[in-house]
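Following: one structure in structure tokens, then a few remarks.
FYI, it's all coordinate maths here, none of it is from the lab. Please read all numbers here as calculations on a predicted model, not as lab measurements. Note that each Cβ is placed from the backbone with ideal geometry, even for glycine, and that neighbours are counted across all protein chains shown.
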């Protein structure tokens, strides 16, 4: 998922819906990933036990990996390693980033949420993050957004650092252009794809068209 892939254009980063039934969702996911370029998929299931999480990983990870899409697990570096994920995405409160880096080793990715904070982003870079995530850029229904980010932080980051940036928070095909132009390497989306009126595949196509047009 290096920013150098596919030249230096911005790419799509999918985050799973907040609740899903893995078998049914696997078909939706396959159709979405077949519809256009997707760099990564983050499995983000809150408040479920480890068995439920492992079952979802076992069903969904092969769908992503078979299509060359990085499969990342939210919050849990330990489970990401033991279940064969391509990496983990951690929030500011999700354990010790340096030990997560050690646990994930060289071969797996570590992404860190940095909200709208330059300081957090620099600390994440020092901790060995493979990407930093900024947001929320727009109002979002997926989670309560306490932090409002401005596209300017993407410009600042991309002008100074090699580590790729991910923009997240209420992003859709209609509002993503300023973030692409500001230098985001990846756009993380949830409802713009999964809740697209014509289905997830149409959502992926619409996002990729909007990225290309920006």
Exercise for the section: Identify the single condition in (1) over 16 Å from residue 17 (Cα atoms); (2) within 18 Å of the chain's Cα centre (by Cα); (3) in contact (Cβ under 8 Å) with a residue 40 or more places away in the chain that residue 193 does not satisfy, given that it satisfies every other one. Expected result: (1)
Exercise for the section: Considering only residues that are assigned to a helix (DSSP H, G or I) and touching a helix residue (DSSP H, G or I) at 6+ places or on another chain (Cβ under 9 Å), look in region 138-154 and name the one that is nearest to residue 12 (Cα to Cα). Expected result: 154
Completion exercise
Per the filter on region 98-114, residues in contact with a strand residue (DSSP E or B) (Cβ under 7 Å, 6 or more places away or on another chain) and either surrounded by fewer than 20 Cβ atoms within 10 Å (Cβ to Cβ) or not in a helix (DSSP H, G or I) (or both) are 108, 109, 110, 111, 112, 113, 114
Completion exercise
When residue 128 is run through (1) in a loop (DSSP other than H, G, I, E, B); (2) in contact with a strand residue (DSSP E or B) (Cβ under 7 Å, 6 or more places away or on another chain); (3) crowded, with 17+ Cβ neighbours inside 10 Å, the failure sits at (3)
